[in-house]
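The values are calculated or read from the model by the stated rules, or taken from the named source; none is laboratory data. Values in this document were obtained by computation on a predicted structure and should not be read as measured data. With ideal geometry, Cβ positions are generated from the backbone for all residues, glycine too; neighbour counts draw on all protein chains shown. The protein model used for the area step is the full one, side chains on, heavy atoms only, and it has no ligands, DNA or RNA in it. Shrake-Rupley method; radii C 1.70, N 1.55, O 1.52, S 1.80 Å.
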Amino acid sequence: MISKAKLVLLTLCLLWSALAGAATEPSAGLFSSLGAKLGLAKSDHPFLEVDEAFVFSAEAGAQHIVARWRIAEGYYLYRDKFKFELKNTAGVALGPAQFPSGKIKADPNFGDTEVYHNAVDVILPLQRGADSAAPLTLQVQYQGCAEAGFCYPPVTRNVALTLPAASAVTEAPPPLSEQDKLAQLLTRGNLPLALLIFFGLGVLLAFTPCVFPTIPILSSIIVGQGAEQNTRRAFSLSLVYVLAMALTYTVAGVIAGLFGANLQAAMQNPWVLSAFSALFVALALSLFGLYPLQLPAGLQTRLAGVSARQKGGSLYGVAVMGFLSALIVGPCLAAPLAAALIVIGQSGDALLGGAALFALSLGMGAPLILIGASLGRWLPTAGAWMNTLKNVFGVLLLALAIWMMSRILPAQATLALWALLLIVSGVYMGALNRLYPDASGWRKLWQGVGIAMLLYGALLLVGAASGAHNTLQPLQNIAAGAGKTAVTNEKLAFKRIKSLADLERELSAARAQARPVMLDFYADWCVSCIEMEKFTFSHPKVREALSGAILLQADVTVQDETDLALQKGLGVFGPPTLIFFGADGRERTAYRLVGPEGPEAFEKRVRVAFSSNLQPSSVI
């Protein structure tokens, strides 16, 4: 057993050794070296210091502050942990912070949450009462973690800033929207090149949902020719159909540009839609072989000297179908179409705008010509295959009739019509017939598709009876009634306006609250508007981006004098058009949207539009 004297002596020796070692290590502190010698010092930290992991800086502009973080590799910041506050301000207040999109992370500490990697810039709009330069202090709070599993405590930083005088900022012309750029291309650029570009844009528009219905219309006309069809004949029919549509688009566009009268909107009333849907049903029943569809005998005799073929697929009939398709089906309103209308409306140059519209229309029709000519080349000879093909296109025409009637029928009625079409088609495809073991592979496939159509049609019928309105989720009401979580496309809470006076009133109220505004032009007959409601406005990211904004909607279905005055006052040619106003009540023209847009692109447009300033060069 060690005596007290020996224990004291041993302790003194250890202290002396530690002090001697510290003397030979000038770079280390006395006590830290002592702790290391005794085994008490903290081991080296494998993670970066917080200011190295998250490098923070801020820049001040006349109307906003940009807070920036550069994030080291392997680290991230939480979106919901940011806090911003102004200190020592003189008539300056912060507006709602505008965040970019992050990534959802399954975090072990906070669950599923949105985080930022690499870098993040947050726009802080300012409400200023004074025009002179103003010093202030921005206080920010944030929190982040390392991917390796280490989380930092919340960090607070203060940065001194000086806002430049608002009047000292050089006014820059507002950036142009996409349609304005295309309009300038027509009026100031190389005309042949501009028309070629519009033709190419038309080809892209041919693949939008609004133009898709023209495919079964033209295809059913060509298939209706039966054994008399050939490649040359199919090409001629397709060309006549496309030229008729192109001429109709051009004339209707010139009228809309010069007089503000939208012929396509005028053709969307219930009587016209019902008559055109009935025509599709008649064509479908003719393809099913219930009766031959052709001109009356007397009229055929009169026209016999002009054309040897006067059936429903004659050049005259095809031209009429092209004309009606252009007015009833119509292309989606998009930036190229709006650009041509802008040229006509602002410059009065109907020839230039009409040429652009014609080039655009030919581009939209080019794929139809290829489809029609190809169909004529590969069309089977008379027999079972020809009858089957006719039945397929007959079903497509019935689907087109239901699609058109959906603009005026209740959602439940439309759902029931889709159910009826699928059930009857499934029955005709042999869904209820006995399948023999020696049946061919095609027969099995055909019956399998029929069974699937029958079952889904039954689900749609049940959904219609339960009050559902979504063909993709027919049982959502039943699931909700059973206490289960139902996925629903909840609609945005728009406030309806009718006139320019209504808009000015709402913008004034929004300015008082320092909130941005989005104005949506909508119509019941606008297919793209419904598409935006179902797939874009219902997206969680879009709803989050719009959460701090005032949402206005102008229903221009009727196209009365008030609707036309509102559209003319804002330079809008039709729906869907979305206009964004900043917290100052002024439009962010560069971000005006004409035509439909997907949720990801639209969310980015919203965030940038609401965070943008009218003077882009003001950030220092």
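Look at the stretch 389-427 and say how many of its residues are assigned to a helix (DSSP H, G or I) and more than 19 Å from residue 283 (Cα to Cα).
Of the stretch 389-427, the ones assigned to a helix (DSSP H, G or I) are 389-405, 411-427.
Next cut, more than 19 Å from residue 283 (Cα to Cα) only: 411-416, 419, 423, 426-427.
Result for the stretch 389-427: 10.
Just one of 474, 516 is buried (at least 19 other Cβ atoms within 10 Å of the Cβ) and at pLDDT below 85; which is it? Give the derivation first.
On the way: 516 fails: at pLDDT below 85.
After ruling out the rest, the residue left standing is 474.
Looking at (1) over 30 Å from residue 387 (Cβ atoms); (2) open to solvent by 30 Å² or more (accessible area, probe 1.4 Å); (3) modelled with pLDDT under 80, which one does residue 251 not meet, given that it meets all the others?
(3)
Just a yes or no: is a residue in the stretch 448-462 part of a helix (DSSP H, G or I), farther than 29 Å from residue 389 by Cα and among the hydrophobic types (A, V, I, L, M, F, W, C)? Walk me through how you get there before you give the answer.
From the stretch 448-462, those part of a helix (DSSP H, G or I) are 448-462; that's our starting set.
If we keep only those that are farther than 29 Å from residue 389 by Cα as well, we get 462.
Filter once more, keeping what is among the hydrophobic types (A, V, I, L, M, F, W, C): 462.
The answer is yes; a qualifying residue exists.
Tell me the residue from 51, 112 that is closer than 23 Å to residue 160 by Cβ, of a type outside the set (Gly, Ala, Ser) and either at pLDDT below 80 or in a helix (DSSP H, G or I) (or both), please. Full working, then the answer.
Numbers: 112 fails: closer than 23 Å to residue 160 by Cβ.
Matching residue, one of 51, 112: 51.
Hey, among the residues in the stretch 552-589 that are of a type in the set (S, T, N, Q), under 20 Å from the mean Cα position of the chain (by Cα) and under 25 Å from residue 343 (Cα atoms), which one's least open to solvent (accessible area, probe 1.4 Å)? Before the answer, list the steps.
Applying the first criterion (of a type in the set (S, T, N, Q)) to the stretch 552-589 yields 553, 557, 559, 562, 567, 577, 589.
If we keep only those that are under 20 Å from the mean Cα position of the chain (by Cα) too, we end up with 553, 577, 589.
Pick out the ones that are also under 25 Å from residue 343 (Cα atoms) and you get 577, 589.
On the way: 577: 3, 589: 48 Å².
Out of the qualifying residues, it is 577.
Given the structure, is residue 549 touching a helix residue (DSSP H, G or I) at 6+ places or on another chain (Cβ under 8 Å), within 29 Å of residue 161 (Cα to Cα) and buried (at least 21 other Cβ atoms within 10 Å of the Cβ)?
Values: touching a helix residue (DSSP H, G or I) at 6+ places or on another chain (Cβ under 8 Å): yes; within 29 Å of residue 161 (Cα to Cα): yes; buried (at least 21 other Cβ atoms within 10 Å of the Cβ): no.
Taking the combined requirement at face value, the residue does not satisfy it.
Within the stretch 67-105, how many residues turn out to be of a type in the set (Val, Ile, Thr), farther than 27 Å from residue 539 by Cα and part of a strand (DSSP E or B)? Before you say what the answer is, go through the steps one by one.
If we filter the stretch 67-105 for residues that are of a type in the set (Val, Ile, Thr), which is where we start, we get 71, 89, 92, 104.
Filter once more, keeping what is farther than 27 Å from residue 539 by Cα: 71, 89, 92.
Narrowing the set further to residues that are part of a strand (DSSP E or B) leaves 71, 92.
The number of residues fulfilling the criteria is 2.
Name the pairs: first residue in the stretch 387-401 and in contact (Cβ under 8 Å) with a residue 24 or more places away in the chain, second residue part of a helix (DSSP H, G or I) and open to solvent by 40 Å² or more (accessible area, probe 1.4 Å), Cβ to Cβ under 7 Å, at least 6 apart or on different chains?
Matching pairs, first to second residue: 398/281; 401/281.
Say whether the condition of being surrounded by fewer than 23 Cβ atoms within 10 Å (Cβ to Cβ) and either basic (Lys, Arg) or modelled with pLDDT under 85 (or both) is met by at least one residue in the stretch 417-428. Before the answer, list the steps.
So the first thing to find is which residues in the stretch 417-428 are surrounded by fewer than 23 Cβ atoms within 10 Å (Cβ to Cβ), and the list is 417-421, 423-428.
Imposing the further condition that a residue be either basic (Lys, Arg) or modelled with pLDDT under 85 (or both) reduces the set to 428.
There is at least one residue in the stretch 417-428 that is surrounded by fewer than 23 Cβ atoms within 10 Å (Cβ to Cβ) and either basic (Lys, Arg) or modelled with pLDDT under 85 (or both).
Evaluate the stretch 306-323: report whether one residue or more is in a helix (DSSP H, G or I), open to solvent by 50 Å² or more (accessible area, probe 1.4 Å) and at pLDDT below 75.
Checked the stretch 306-323: no residue is in a helix (DSSP H, G or I), open to solvent by 50 Å² or more (accessible area, probe 1.4 Å) and at pLDDT below 75.
Can you tell me how many residues in the stretch 545-563 are closer than 17 Å to residue 517 by Cα and either touching a residue at least 40 places away in the same chain (Cβ under 8 Å) or in contact with a Gly (Cβ under 6 Å, 6 or more places away or on another chain) (or both)? Break it down stepwise before answering.
Initial filter on the stretch 545-563 (closer than 17 Å to residue 517 by Cα): 545-555.
Of the ones still in play, those that are also either touching a residue at least 40 places away in the same chain (Cβ under 8 Å) or in contact with a Gly (Cβ under 6 Å, 6 or more places away or on another chain) (or both) are 545-546, 548-555.
The number of residues fulfilling the criteria is 10.
Go through the stretch 59-98 residue by residue and tally those that are polar (S, T, N, Q), open to solvent by 40 Å² or more (accessible area, probe 1.4 Å) and closer than 22 Å to residue 546 by Cα.
So in the stretch 59-98, the residues polar (S, T, N, Q) come out as 63, 88-89, 98.
Applying the additional criterion that residues be open to solvent by 40 Å² or more (accessible area, probe 1.4 Å) yields 63, 88-89.
So of that shortlist, the ones also closer than 22 Å to residue 546 by Cα come out as 63.
Summing the residues that are polar (S, T, N, Q), open to solvent by 40 Å² or more (accessible area, probe 1.4 Å) and closer than 22 Å to residue 546 by Cα in the stretch 59-98 gives 1.
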